[in-house]
Amino acid sequence: MAQDKIKQIIEVALLTNSQPLSIDDFQKMFDKNIERSTIRMLLDEIKQDWQNKALDLVQVAHGYRFQSKIEYSEFLKKLNPDRVPKYSRAVLEVLAIIAYRQPVTRGDIEKIRGVSLNPNSLKQLIEREWVDIIGQKEVPGRPSLYATTKYFLDDFGLKSLSQLPEFKDLEDSILSPSIEKDQSKDDVQEASNINDDG
Amino acid sequence: MAQDKIKQIIEVALLTNSQPLSIDDFQKMFDKNIERSTIRMLLDEIKQDWQNKALDLVQVAHGYRFQSKIEYSEFLKKLNPDRVPKYSRAVLEVLAIIAYRQPVTRGDIEKIRGVSLNPNSLKQLIEREWVDIIGQKEVPGRPSLYATTKYFLDDFGLKSLSQLPEFKDLEDSILSPSIEKDQSKDDVQEASNINDDG
Amino acid sequence: MSELINNNEFGAKLYGEDIAQLPLDLYIPPEALEVYLESFEGPLDLLLYLIRKDNIDVLDIPMANLTSQYINYVEQMKTINIELAADYLLMSAMLIEIKSRLLLPKPENPEEDEEDPRADLVRKLIEYEQMKSAAEELNEMPQVGRDMLVANAYFETEVNKLPPEVNIDDLYTAWANVIKRAKQFEQHKITKSELSVREHMTSILRALKENNLLEFSSLFNEEKDPIPKLVVCFLAILELSKERLIKINQQEPCSPLYIQLEEA
């Protein structure tokens, strides 16, 4: 098959699927007759072709997808104004704790935030399929363990959790500027080690 | 706004929506500042632009949409050979609530699930003819009352709602999956006798 | 954009105003205090705010000062919303404990940080602060559905798209999940008997949709229906009337009963 045709098939598959497609998916379309390296190369070409257009070809946790460039969001939002989700600070804090500390129990979340947890916050995240229960902690009461899903990564345009933004330097946040930088780094380290007694 | 920009916004809206978009929808995106005739003209241009590409811009009953040219379908189908679409968890939960708690209003569903309801979930169930509106509740706002249909029973192989799996052993199964099945039979028998207040 | 994006460094607002702009010892009217405190996510958040407001070095917290400021807030809060105050009261107890331990004679070797009773609080504050800023950063990241949409053009096939398949087990599982989560709120007791009543409720409403008025007796078929079914049907009518979905009418004593939909 001509490469041009293969490329066009890959492109149309990406344009018609809202779920990200993996290299495996593309191979399946061609009954595995096309090398993975060829597919990667064509994906690169497609990415180039669309550079100055309205969609971006991006790679996320589940594979490749086309998404609208951010500059269009103000217009696209108007098509479905009540579909645009908005989360409270509490929900976002819970999400951040689950994302950075997973797997965590409800108790862990409450301990970090210092306040009891409204079950609704977790529900909203589970409903969005950003968070899932991945098991039970084998302690009395067998509390559920929460973790982020691949959809969470997809929706935030991440390939893996390691792409989450790093914590801000403590100097910018809580410590006053008079403290030396090196010291604060140690403290971050220390702080993240100590939190895991259930 | 430059016409090029308007055109690109229309194009990106079409590419990201599998539901057809009407001229009204496009006008909404621009707060009605763009003439219908301009939008029609730009749609024509977009149609031209895509003529030799993998997608067609077509006009259907409810508006305009991009769709893949039929020649690609043999490849696209291979992506999901038994392309059995799935309902999201939200849709299934809404269906379960309507089945077990009917007749219910949207508010009832939201109360049980603890999150607000995406109207699309109900729409999918109504389009499938598993759920329909059987009246309005005479409270402020006169919310619609939803119930399951006969088609729902047919499609699930049920003679009546009382054949739905029972909550009692459902709860048991959450607590301990090893519960015996036979027990449920007795309960059915018992059930048709007297109703206790839920 | 969301509150989080334009928020100030403390993330708290009162009547849309930056809380950081409140004068230090301003008297806060009780209704405002509630709004004020609700803008904090909890005791740690309030503590962080107090530390930042006074530009206190978190590694060297002047406990006396901080504790008294904090307790002052909590005192006011107690009179308004005792439930909200519980978490805050716990924090006050902790602050007082730290303060009292600081008053005890200090160990000989000042290098030993572990001995500082503030260490645990500092760790908590640091960790919370990290998560708070991580939450802000997450919120600022472009998100599918909010900032961008995914390409989703229509996929034309020769065959009609099959509708999704769902079987009874899927439904069962979905319901199990609903119950599991709803259990955190309240008990939903669904029994088999209630289900059959609900089924009758639905069919009566359907019948009323077609005929505005139904004779009560037409809903019962005493010859064909077994007694349990008649009972269930009767219960369904009672339930419908209790939920104010139908009206039961009678023109005069001993005349036939009619049911019709409740009207506004």
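Descriptive notes on the structure:
- Residues in segment C:115-161 that are at the interface with another protein chain (Cβ under 7 Å from one of its Cβ atoms), modelled with pLDDT of 75 or more and part of a loop (DSSP other than H, G, I, E, B): C:Met141, C:Pro142, C:Gln143, C:Gly145, C:Arg146, C:Asp147, C:Leu149, C:Ala151, C:Asn152, C:Ala153.
- So C:Phe220, is it over 31 Å from the mean Cα position of the chain (by Cα) and either modelled with pLDDT under 80 or within 14 Å of chain B (Cβ to nearest Cβ) (or both): no
- Filtering segment B:86-100 to residues that are more than 7 Å from chain C (Cβ to nearest Cβ) and closer than 15 Å to C:Arg198 by Cβ leaves only B:Ile98.
- Test result for B:Pro165, within 23 Å of C:Val232 (Cβ to Cβ) and modelled with pLDDT of 85 or more: no
- All positions within segment C:197-217 that are over 40 Å from the mean Cα position of the chain (by Cα) and of a type in the set (Gly, Ala, Ser): C:Ser217
- Of everything in segment A:136-147 that is more than 13 Å from chain C (Cβ to nearest Cβ) and closer than 18 Å to A:Ala96 by Cβ, the residue that is surrounded by the most Cβ atoms within 10 Å (Cβ to Cβ) is A:Leu145.
- Selection status of B:Ile194, surrounded by fewer than 16 Cβ atoms within 10 Å (Cβ to Cβ), within 28 Å of the chain's Cα centre (by Cα) and at pLDDT below 85: no
- Filter result (without any contact (Cβ under 8 Å) to a residue 24 or more places away in the chain, more than 8 Å from every other protein chain (Cβ to nearest Cβ), of a type outside the set (A, V, I, L, M, F, W, C) and surrounded by 14 or more Cβ atoms within 10 Å (Cβ to Cβ)) within segment B:17-55: B:Gln27, B:Lys47
- Enumeration of residues in segment A:56-84 that are touching a residue at least 40 places away in the same chain (Cβ under 8 Å) and aliphatic (A, V, I, L, M): A:Leu57, A:Val58, A:Val60, A:Ala61
- Restricting B:Glu11, B:Glu45 to residues that are at negative phi, among the acidic types (Asp, Glu), out of contact with any strand residue (DSSP E or B) (no Cβ under 9 Å at 6 or more places or on another chain) and not assigned by TED's automatic domain parsing to the domain that holds B:Asn120 narrows the list to B:Glu45.
- When residues of segment A:104-135 are limited to those that are among the hydroxyl-bearing types (Ser, Thr, Tyr) and more than 10 Å from chain C (Cβ to nearest Cβ), the one surrounded by the most Cβ atoms within 10 Å (Cβ to Cβ): A:Ser121
- Options B:Ala90, B:Ala61; residue that is among the small types (Gly, Ala, Ser) and closer than 19 Å to A:Ser18 by Cα: B:Ala90
- Any hit, segment A:154-164, residues being under 24 Å from A:Phe66 (Cβ atoms), free of Cβ contacts under 8 Å to residues at least 24 places away in the same chain and within 12 Å of another protein chain (Cβ to nearest Cβ): yes
- Filter result (at pLDDT 80 or above, assigned to a helix (DSSP H, G or I) and touching a Lys or Arg at 6+ places or on another chain (Cβ under 7 Å)) within segment C:19-44: C:Leu44
- Top-ranked residue of segment A:56-69 - restricted to ones that are hydrophobic (A, V, I, L, M, F, W, C) and more than 15 Å from the chain's Cα centre (by Cα), ranked as surrounded by the most Cβ atoms within 10 Å (Cβ to Cβ): A:Phe66
- Condition check for B:Lys86 on (1) part of a loop (DSSP other than H, G, I, E, B); (2) under 25 Å from A:Val84 (Cβ atoms); (3) at pLDDT 85 or above; (4) among the charged types (D, E, K, R): one failure, at (3).
- Test for A:Glu93: is it of a type in the set (Asp, Glu), buried (at least 22 other Cβ atoms within 10 Å of the Cβ) and more than 30 Å from C:Ser39 (Cβ to Cβ): no
The values are calculated or read from the model by the stated rules, or taken from the named source; none is laboratory data. Please read all numbers here as calculations on a predicted model, not as lab measurements. Ideal geometry is used to build each Cβ from the backbone, glycine not excepted, and the neighbour counts take in all protein chains shown.
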